[in-house]
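One structure is given below, encoded as structure tokens.
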Amino acid sequence: MKRIDIFTDGACKGNPGPGGWGVLLRMGPHEKEMSGGDPETTNNRMEMTAVIKGLNALIEPCEVVIHSDSKYVIDGMTKWVHGWRKKGWVNASKQPVRNADLWHELIEAVARHKVHWQWVRGHSGHVENERVDKLASDAAQSAGN
């Protein structure tokens, strides 16, 4: 299995408001950047979309390390999603899980890969996180115009 590092970030100008996502795929010396936006969204949706887009860009099953500054995405996939499935997609407050559509997409995107989750502190000088933050911010700016 090929080993891929995926660095992701989401941004929102207002929450909700225009948003963007950024992805850096890295396999050894090879890199690919991707980004996109939405004129009306939330930061959490953009964080999730970045991971989904990164995983869906892979053409074969891989060993993947997802590097994200989003505790929402990482905790969602490593802690919360199992309980949501058992409880019929309601949260601890007995309310429907927010962003369930994207959680389902993310589960599907992760399924064919061996995924490891790595939290990185945002805005702390982490080179790749700063790159994807700029991609996401630029995409959010474009989505708002």
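Per-residue answers, yes or no, for (1) within 28 Å of S124 (Cα to Cα); (2) aliphatic (A, V, I, L, M):
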| position | (1), (2) |
| --- | --- |
| P16 | yes, no |
| G22 | yes, no |
| L25 | yes, yes |
| E33 | yes, no |
| N56 | yes, no |
| V64 | yes, yes |
| R85 | no, no |
| A100 | no, yes |
| A109 | no, yes |
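Mind telling me which of the residues L55, L106, L24 ends up being at negative phi, in contact with an Asp or Glu (Cβ under 6 Å, 6 or more places away or on another chain), open to solvent by less than 10 Å² (accessible area, probe 1.4 Å) and of a type outside the set (D, E)?
The conditions single out L24.
Any residue in segment 120-145 that is in a helix (DSSP H, G or I) sitting within a Cβ distance under 7 Å of a residue that is of a type in the set (D, E)? List the pairs, counting only those 6 or more apart or interchain.
Partner pairs satisfying both residue conditions: N129/D9; N129/D69; V132/D9; D133/D9; L135/E33; A136/D9; A143/D38.
I'm checking my understanding of the structure. Among residues of segment 87-119 that are in a loop (DSSP other than H, G, I, E, B) and closer than 19 Å to G10 by Cα, which one is farthest from the chain's Cα centre (by Cα)? Spell out the reasoning first.
Filtering segment 87-119 for residues in a loop (DSSP other than H, G, I, E, B) gives 87-89, 91-95, 97-99, 112-113.
From the residues that got through so far, the ones that are closer than 19 Å to G10 by Cα too are 98-99.
Values: R98: 15, N99: 12 Å.
Per the criteria, the residue is R98.
Among the residues of segment 68-86, how many are closer than 19 Å to G10 by Cβ and of a type outside the set (V, I, T)? If you could, list the steps in order and put the result at the bottom.
Step one: of segment 68-86, the residues closer than 19 Å to G10 by Cβ are 68-78, 80-81.
Next, only the ones that are of a type outside the set (V, I, T) stay: 68-72, 75-77, 80.
Matching residues across segment 68-86 total 9.
Being among the small types (G, A, S) and free of Cβ contacts under 8 Å to residues at least 24 places away in the same chain is the filter; apply it to segment 58-95 and report the residue that is least open to solvent (accessible area, probe 1.4 Å).
Step by step, filter segment 58-95, then rank; the result is G83.
Does M1 satisfy the criteria of being modelled with pLDDT under 95 and either in contact with a Cys (Cβ under 7 Å, 6 or more places away or on another chain) or acidic (D, E) (or both)?
Taking the combined requirement at face value, the residue satisfies it.
The values are calculated or read from the model by the stated rules, or taken from the named source; none is laboratory data. Note that this is a predicted model, so its numbers are computed, not measured. Quick reminder, even Gly has a Cβ in these numbers, built from the backbone with ideal geometry, and neighbours come from all protein chains shown. These area figures cover heavy atoms from the full protein model, side chains too; ligands, DNA and RNA do not enter into them. Shrake-Rupley method; radii C 1.70, N 1.55, O 1.52, S 1.80 Å.
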